[in-house]
Amino acid sequence: STPATYETILVEYADGIATITLNRPDSLNALNLTVLEDVTAAASAADADDGIRAIILTGAGKAFAAGADIKQMSSLDFATAYRKNWFAGWSRLDDVSKPIIAAVNGFALGGGCELAMMADILIASEKAKFGQPEINLGVLPGMGGSQRLTRAIGKAKAMDLCLTGRMMDAEEAERSGLVARVVAHDSLIEEAESIAATVASKSLIASSMVKEAVNVAFETPLQQGLAYERRLFHASLATNDQSEGMAAFVEKRKPDFTDS
Ligand code: HXC
């Protein structure tokens, strides 16, 4: 099907891949509440669309996203933020079961870095810059920076970035384990599409189970996580795609997965 149109993002469906492009380049794709509504709605729609098997998230211009919209936030007071649970809506992305690939094309700062960390696979252009500069504004990360960044790169680097507000380049981000791959700037989207196409060629049940299992690692002690993984593995034996995948291996041919 064709995607809906949105105010702050571009959405394109092609070859089973939904590409969501943050599209407020004049403000370096600052994340205001409309962006939150648009991105989460587009991701949910792509997740629900039977023709879509993977999602790419990227930004137009020189930023992935330079953070929450400081102009919108500058008049935000405690009572409003607290009562409306400001930015909690981003957690709707956690409900997306199809793989999300963040293609970080430039600045990923504050909420931008936090949004990238909500994706499943992060790849970065050589021009990408990551950071949690909220401290420079007299605040702190509020969309997961202190939590997801710490889990991704450990206390030493997370404290360094969050307390100094400095930026780290793509090479340091890969070395630290924040991103999976760094690629040439001009081939970023091509590389993201190639990864998405590879992921899209698998059984959607298997890829969703992989995503579920890896994410459980962040929520459970080891033995519980191992038990959870084992049960999902047992469940995977009930799928046609398991029979097909293993038969294809034995018969030395390509599997024809049916997501069943
Ligand atoms: C609103 C922003 C913005 C932001 C940039 N712009 N970042 N507007 N919110 N987060 C706007 C600028 O005001 C400017 O608008 C235009 O985008 C271009 O930006 P410049 O600063 O002129 O570009 P440049 O000199 O290249 O510097 C790039 C930059 C810088 C280093 C990325 O823009 C910057 O430091 N941005 C803020 C980064 C930040 O602090 N992010 C964290 C936000 S707090 P005009 O109108 O002048 O052209 C956050 C909290 C999350 O994310 C949790 C909340 C719950």
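Regarding segment 84-101, can at least one residue be identified that is touching a His at 6+ places or on another chain (Cβ under 9 Å) and more than 10 Å from the ligand (Cβ to nearest atom)? The answer is no, given that none of the residues of segment 84-101 is touching a His at 6+ places or on another chain (Cβ under 9 Å) and more than 10 Å from the ligand (Cβ to nearest atom). Against the conditions (1) over 21 Å from residue 181 (Cβ atoms); (2) surrounded by 13 or more Cβ atoms within 10 Å (Cβ to Cβ); (3) basic (Lys, Arg), residue 98 satisfies every one except (1). For segment 8-30, filtered to residues that are within 16 Å of the ligand (Cβ to nearest atom) and either surrounded by fewer than 16 Cβ atoms within 10 Å (Cβ to Cβ) or within 15 Å of the chain's Cα centre (by Cα) (or both), the residue that is farthest from residue 71 (Cα to Cα) is 22.
For every residue, the table says whether it meets (1) within 30 Å of residue 242 (Cα to Cα); (2) surrounded by 14 or more Cβ atoms within 10 Å (Cβ to Cβ); (3) polar (S, T, N, Q).
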residue: 135; (1), (2), (3): no, yes, no
residue: 142; (1), (2), (3): no, yes, no
residue: 192; (1), (2), (3): yes, yes, no
residue: 204; (1), (2), (3): yes, yes, no
residue: 210; (1), (2), (3): yes, yes, no
residue: 216; (1), (2), (3): yes, yes, no
residue: 227; (1), (2), (3): yes, no, no
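Condition check: in a helix (DSSP H, G or I) and either in contact with a helix residue (DSSP H, G or I) (Cβ under 7 Å, 6 or more places away or on another chain) or more than 15 Å from the ligand (Cβ to nearest atom) (or both). Does residue 44 satisfy that? So residue 44 fits the description; yes.
Number of residues in segment 69-83 that are within 11 Å of the ligand (Cβ to nearest atom), more than 21 Å from the chain's Cα centre (by Cα) and either farther than 20 Å from residue 139 by Cα or in a loop (DSSP other than H, G, I, E, B) (or both): the value is 2. Here residue 38 clears all of (1) outside any strand (DSSP E or B); (2) among the charged types (D, E, K, R); (3) more than 27 Å from residue 74 (Cβ to Cβ) except the condition numbered (3). The one condition from (1) in contact (Cβ under 8 Å) with a residue 24 or more places away in the chain; (2) under 20 Å from the mean Cα position of the chain (by Cα) that residue 219 does not meet is (1). The set of residues from segment 158-185 being over 19 Å from the mean Cα position of the chain (by Cα) and closer than 25 Å to residue 138 by Cβ comprises 159, 160, 161, 162, 163, 164, 165, 166, 167. Just so you know, in segment 102-118 the residues that are more than 9 Å from the ligand (Cβ to nearest atom) and part of a loop (DSSP other than H, G, I, E, B) include one that is nearest to residue 173 (Cα to Cα), and it is 105. Kindly indicate whether any position in segment 66-80 is closer than 28 Å to residue 259 by Cα and among the hydrophobic types (A, V, I, L, M, F, W, C). Checked segment 66-80: no residue is closer than 28 Å to residue 259 by Cα and among the hydrophobic types (A, V, I, L, M, F, W, C). Is one or more of the residues making up segment 202-222 of a type outside the set (Ser, Thr, Tyr) and more than 24 Å from residue 102 (Cβ to Cβ)? There is at least one residue in segment 202-222 that is of a type outside the set (Ser, Thr, Tyr) and more than 24 Å from residue 102 (Cβ to Cβ).
Within segment 211-253, the set of residues being over 19 Å from residue 119 (Cα atoms), hydrophobic (A, V, I, L, M, F, W, C) and assigned to a helix (DSSP H, G or I) comprises 222, 226, 227, 232, 233, 235, 246, 247, 248, 249, 250.
Of the helices (runs of 4 or more DSSP H) entirely within segment 119-210, those holding at least 1 residues that are within 16 Å of the ligand (Cβ to nearest atom) occupy 145-164, 170-176.
Readers should treat all values here as calculations from the given coordinates under stated rules, not as data from a laboratory. Since the model is a prediction, treat every value here as computed from it, not as a measurement. With ideal geometry, Cβ positions are generated from the backbone for all residues, glycine too; neighbour counts draw on all protein chains shown.
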